[in-house]
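The structure appears right after this line, and notes come after that.
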Amino acid sequence: MNYYAVKVGKKKGIYNTWEECQKNISGVSNAVFKKFNNHEDAFNFINDIYILSDQVNQTSEESARNLILDTYHKSQISPQKKPKISHSKNIVNVWVYGLADSYPPKIGIYFRESDEYWKDYSYVGIYPWSKPILKTRVGIAACIKAISIITERMRMEGSGTIYIHTETKYLADAINKNLVLWYKNRNSWKEKNEDLYSFLYKQIKSTNMKILAVIETDKKCSEMIKVSQMVKEKILLDKLE
């Protein structure tokens, strides 16, 4: 089955037929569209998500520079459309949270309690990285731990997709686009969290799973509330011991 992704047209979206696609690009002088044989690649195309792969790493220097400028100049990036929550063990949804202003700083990882395959792998622990202790660094550390837990269990299960849910735009942008751009231009791109960027990049490259991020903009997101409560409860328990 083919999927026609319209990135710039009368209406941005993914269409099942060429006729539908043509209606949305006809008369649009700067239309941007592309045909894919799977929905995920079409989704990534219209949402500017760049997967860490050998193909992406072969992007021309000019294209990379344009992407970097685009990233720097956009003050607001539209939140990625949330994926349909699935309980398939090959499609993993995990919520990550980091608390930098506690001592010691903590990270939390949460899998839905209704997810039979993953619910027992939720985790709260101490931020295991070096100083400085910043919210951005603690968030990346939580992500690294979540990926480690999932890929270790999935090692014998084949490929799949991991959706990292975070309230931090910095982390979501890193996963969805900036890691690729930083690595391509690491000699000139001065990244404040270069050590964590480097570790996360190599970690993602070493797995056969696709890893995408979802920005949780809803302050009432029950999963983000749950993972933050887990971390805060652990801090209180530590103080009582």
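The values are calculated or read from the model by the stated rules, or taken from the named source; none is laboratory data. Predicted model only: the values in this text are computed from it and were never measured. A quick note on method: Cβ atoms are made from the backbone with ideal geometry, for glycine too, and the neighbour counts reach across all protein chains shown. Surface areas here come from the heavy atoms of the whole protein model, side chains and all, with no ligands, DNA or RNA. Shrake-Rupley method; radii C 1.70, N 1.55, O 1.52, S 1.80 Å.
Could you run through the stretch 15-32 and say how many residues are assigned to a strand (DSSP E or B) and crowded, with 16+ Cβ neighbours inside 10 Å?
So the count comes out to 1.
Give the stretch 209-222 a look and list any residue that's small (Gly, Ala, Ser) and closer than 20 Å to LYS145 by Cα, or say none.
ALA213
Among strands (runs of 3 or more DSSP E) lying entirely in the stretch 95-190, which contain 2 or more residues that are open to solvent by 70 Å² or more (accessible area, probe 1.4 Å) and not small (Gly, Ala, Ser)?
Qualifying strands (runs of 3 or more DSSP E): 123-126.
From the residues in the stretch 194-241 that are of a type in the set (Lys, Arg), without any contact (Cβ under 8 Å) to a residue 12 or more places away in the chain and assigned to a helix (DSSP H, G or I), which one is surrounded by the fewest Cβ atoms within 10 Å (Cβ to Cβ)?
LYS239
When you scan the stretch 199-209, do you find a residue that is closer than 23 Å to SER114 by Cα and out of contact with any Lys or Arg (no Cβ under 6 Å at 6 or more places or on another chain), even just one?
yes
Looking only at the stretch 97-140, filter to residues that are out of contact with any Leu (no Cβ under 7 Å at 6 or more places or on another chain) and among the aliphatic types (A, V, I, L, M); which one of those is nearest to THR166 (Cα to Cα)? First the steps, then the outcome.
Restricting attention to the stretch 97-140, the residues satisfying the condition of being out of contact with any Leu (no Cβ under 7 Å at 6 or more places or on another chain) are 97-99, 101-104, 107-128, 130-136.
Imposing the further condition that a residue be among the aliphatic types (A, V, I, L, M) reduces the set to 99, 107, 109, 124, 126, 133-134.
Working: LEU99: 13, ILE107: 12, ILE109: 10, VAL124: 15, ILE126: 18, ILE133: 18, LEU134: 16 Å.
This residue is ILE109.
Give SER188, SER206 a once-over and let me know the one that is under 16 Å from ILE147 (Cβ atoms) and either under 15 Å from the mean Cα position of the chain (by Cα) or of a type outside the set (D, E, K, R) (or both).
SER206
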